[in-house]
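What follows is calculated from the coordinates using simple rules that are stated; it is not laboratory data. All values derive from a computational prediction rather than experimental measurement.
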């Protein structure tokens, strides 16, 4: 289960996300669709523990992200859209 409630993140005076809410139950699939700057990456980075929200909460299996990320690391993964591999690195190692 993933639950996002009133999530807000600003970068200085620039809005990253504001009042984002959704819930994904086990077995459901969610796609984040929108133009560049809509907040898709910011939302994902909060859920994966790379960013702390300014307000609101993000839960994965009832663990609060990013504060309890160690409890869910084995069950989540993240590869950004712009990936730069080392020339000799294999995907499994990445």
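See the values below:
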read-out: Percentage relative contact order, the stretch 2-75, counting C-alpha pairs under 8 Å, at least six apart; value: 33 percent
read-out: Value of [θ]222 nm, deg cm²/dmol, for the chain, DSSP H segments ≥ 4, -39500 (n - 2.57) each, nearest 500; value: -2500 deg cm²/dmol
read-out: Principal axis box of the chain, alpha-carbon based, largest edge first, Å; value: 42, 31, 24
